[in-house]
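Heads up: the structure comes next, in structure tokens.
The values are calculated or read from the model by the stated rules, or taken from the named source; none is laboratory data. Keep in mind that what you see is a predicted model, and the values were worked out from it rather than measured. Glycine gets a Cβ as well: all are built from the backbone with ideal geometry, and neighbour counts include every protein chain shown.
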Amino acid sequence: MKSESKVETGEKQFNRLKGEKSPYLLQHADNPVDWYPWGAEAFEKACKEKKPIFLSIGYSSCHWCHVMEQESFEDVEVAKLMNEVFVSIKVDREERVDIDNLYMAVSQMMTGSGGWPLTIILTPEKKPFFTATYIPKESRLGQIGMLDLIPHIKELWETQQEKILQSADEISTALQQAVQISSGGELDEDTINLGYKQLTNLFDQQYGGFGNAPKFPTAHNLLFILRYWKHTDDKKALDMVEKTLQAMRNGGIYDHVGFGFHRYSTDSQWLVPHFEKMLYDQAMLSMAYTEAYQATGKEEYKKTVQDIFTYILRDMTAPEGGFFSAEDADSEGEEGKFYIWTEDEIRDALSSEHEDLILQVFNINKNGNFNKQTFKKRTGANILHLKTVEKELTLPLHVSELELKETLSTAIQTLFTYRKKRVHPFKDDKILTDWNGLMIAALAKGARVFNEPKYVKAAKRTVDFIFKVLRTSNGRLLHRYRDGQAAIPAFIDDYAFLIWGLIEVYQTTFEVKYLQMALKLNNDLIKHFWDKKNGGFYFTADDGEELLGRQKKIYDGAIPSGNSVASLNLLRLGRIIANSNFEKKADEIGHVFGVNVERAPSAHTFLMISVYFKIGSSYEVIIAGNSGTKDTEEMLKTIWKEFIPSKVVILRPTEDESPEIVNLAKFTQFMKRINGKATAYICVNYACKIPTTDTRKMLELLNVK
């Protein structure tokens, strides 16, 4: 294929990314850099021409990826150097998570840090010898720029190639050794207590959250701490969760006009966010707020979840089914421009008697309400955020709290309509199986807790879409769909997160087909991803592309690790169908990663949730009753209202002598109604209690106070 380089022709032409489906790769399709997608063609060219490879990994809503593109990859001078010295490859980290994981591990190993854009220079055999993140065009402040780096790499490659190849071999060997996991002892209550202690040491007493700026939501930490509170009745644990959830909801990290959370806060106060919105954050945070509502009954948490779902169903749902991946931080070349306001814009949008009140509620200042250096192009820029203390509001004498809520609701709708006229941030409309699995789980969970059928309807529609479109002819999952094409063999996260979603849909609807789907995928996961020698799940399947090493991950990043989610799935499925082999595999996951986890359990909080399910009070609840009758529904609604995290619930329909669930959970065969009433059969830690038709007695058996 002849190179179509703008450098040579001076015309707008496209490189080899033009035929890709990834929005991120397509953003680079008209760069003068002669980009290749990851694949055999690029590596064959590198081998043939004996050139190193410039590997650039990023994603469509990454702000600094855009900056590096504008500074360097769109620059003719830089592109000419890159095309002369390298074979250049672009990778979307959200599509090829396996490649990103591998070379991010290289970056961490070589430099102690990482991030995106991730820049790795490789030999033609895919072995790394240089790594960096963002690189400016020109050298500055001690950081080498592209115009100096490329000639330097060229000189080294031509004069010291043997030394480079030896170094690359050593790095690759070290990476493969690092992949080997040391098994540890039993993860137990001491591990859980240490994890909680580590989080309390990191907790920000003033603003909530953990650590300093930048501050991430990290919802799985909150899910873990809620379970710690439930298990220990430690009020401080619940206070930490509530402080964090309220601070985030009130802060600038939350989009008060269009709803949903931005990716993280650049400051410790949750005021100035990095404005991109990720699907996985919406899913994980909505589950944290849902559980906080169960734990406290506070309507503010319910309202937050409802608003997140409003955003997802309105703006992030594909017409054919499934949920889009992300929205960019930038619009019109400026980060946050779509989301920030001047006082004049607020007044112009509202034009009402309550505009002064709204300005006060959202902390709007004529001169702006945050560090001006953050947005140099805007004067008087404001990020909407709420007063954190009610008494800080000075309400007019004639305005009650109820009227304030109504006024605020009307104002938000008005501002939303006004904001729609702006240039919207770019939307990454690819559909990822793993992130969709998280949103399916969140919607199904919200549907039963808030008794809202439209949420589970959306979850079921997405399940149908994935099973129809994102599978191969032999039923194996695929990772990505966009523009009519499903591609890329699924990773552990795709299986684990979708199984989680299917379990939640089953728990909400009790339609056995969703449990059957979960079991089928779980069997595929074990067959193709399980390490038969040492235990635990690999990130890639046994028939996946061969990279430098086949990794196993347990560390929780922005989302929980696939192994941790799979562990909890195995425990829940094992309890639902009484399969002890599933529970043994969950136990093995704990052993396999034990050494790593015992050092820093606070970095593995979702696995701690699985440990809690295993060693704490966990319940199997079987409701024997006629489907849809008042007494059966009352029992189920009573259970869903309460925060009882370590449980599985089965509905055994009694109107049918041989319901489908009996084929999977044979122990339910002889569970019947007592005296013609819906009956709860409850087992605690493998010990079964006397069945009851009384909902109050049922709650006592479930240790609800």
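Things to note:
- Test result for GLN282, within 25 Å of the chain's Cα centre (by Cα), among the polar types (S, T, N, Q), over 23 Å from ARG482 (Cβ atoms) and assigned to a helix (DSSP H, G or I): no
- Taking the listed residues THR133, THR111, THR173, the one that is within 23 Å of VAL33 (Cβ to Cβ), modelled with pLDDT under 95 and not aliphatic (A, V, I, L, M) is THR133, with no other qualifying.
- The listed residue being at pLDDT 95 or above, closer than 23 Å to TRP116 by Cα and not assigned by TED's automatic domain parsing to the domain that holds ILE358, out of ALA219, ALA237, ALA213, ALA247: ALA219
- Residue pairs whose Cβ atoms lie under 7 Å apart, sitting 6 or more positions apart in sequence or on different chains, and linking a residue in region 136-149 that is in a loop (DSSP other than H, G, I, E, B) to a partner that is surrounded by 14 or more Cβ atoms within 10 Å (Cβ to Cβ) and polar (S, T, N, Q), are LYS137/SER72; GLY145/SER139.
- Looking across region 575-624, the residues that are farther than 28 Å from ASN703 by Cα, among the β-branched types (Val, Ile, Thr) and surrounded by 20 or more Cβ atoms within 10 Å (Cβ to Cβ) come down to ILE589, VAL592, VAL597.
- The conditions of being at pLDDT 95 or above and surrounded by fewer than 14 Cβ atoms within 10 Å (Cβ to Cβ) are met by ASP694.
- Unique match (being at negative phi, in contact with a helix residue (DSSP H, G or I) (Cβ under 9 Å, 6 or more places away or on another chain) and at pLDDT below 95) among GLU186, GLU158: GLU186
- Wholly enclosed helices (runs of 4 or more DSSP H) of region 34-130 bearing at least 3 residues over 31 Å from the mean Cα position of the chain (by Cα) and among the acidic types (Asp, Glu): 40-49
- Meets criteria (polar (S, T, N, Q), more than 20 Å from THR433 (Cα to Cα) and free of Cβ contacts under 8 Å to residues at least 60 places away in the same chain) for THR290: no
- Any chance LEU25 is under 28 Å from ALA541 (Cα atoms), in contact with a helix residue (DSSP H, G or I) (Cβ under 6 Å, 6 or more places away or on another chain) and at pLDDT 95 or above: yes
- Of the residues examined, ILE440 is not one that is in the same structural domain as LYS303 (by TED's automatic domain parsing), touching a residue at least 24 places away in the same chain (Cβ under 8 Å), farther than 16 Å from LEU313 by Cβ and buried (at least 24 other Cβ atoms within 10 Å of the Cβ).
- Number of positions in region 369-385 that are crowded, with 19+ Cβ neighbours inside 10 Å and modelled with pLDDT under 90: 1
- Scanning region 407-425 for residues that are under 20 Å from SER61 (Cα atoms) and surrounded by fewer than 17 Cβ atoms within 10 Å (Cβ to Cβ) gives LYS420, ARG422, VAL423, HIS424.
- Checking THR111, THR159, THR131 one by one, the residue that is in contact (Cβ under 8 Å) with a residue 24 or more places away in the chain and either among the small types (Gly, Ala, Ser) or not assigned by TED's automatic domain parsing to the domain that holds LEU547 (or both) is THR131 and no other.
- Any hit, region 400-409, residues being outside the structural domain of LEU384 (by TED's automatic domain parsing) and closer than 30 Å to SER331 by Cβ: no
- Of the candidates VAL91, VAL106, VAL97, the single residue that is among the β-branched types (Val, Ile, Thr), under 30 Å from SER331 (Cβ atoms) and touching a Ser or Thr at 6+ places or on another chain (Cβ under 8 Å) is VAL91.
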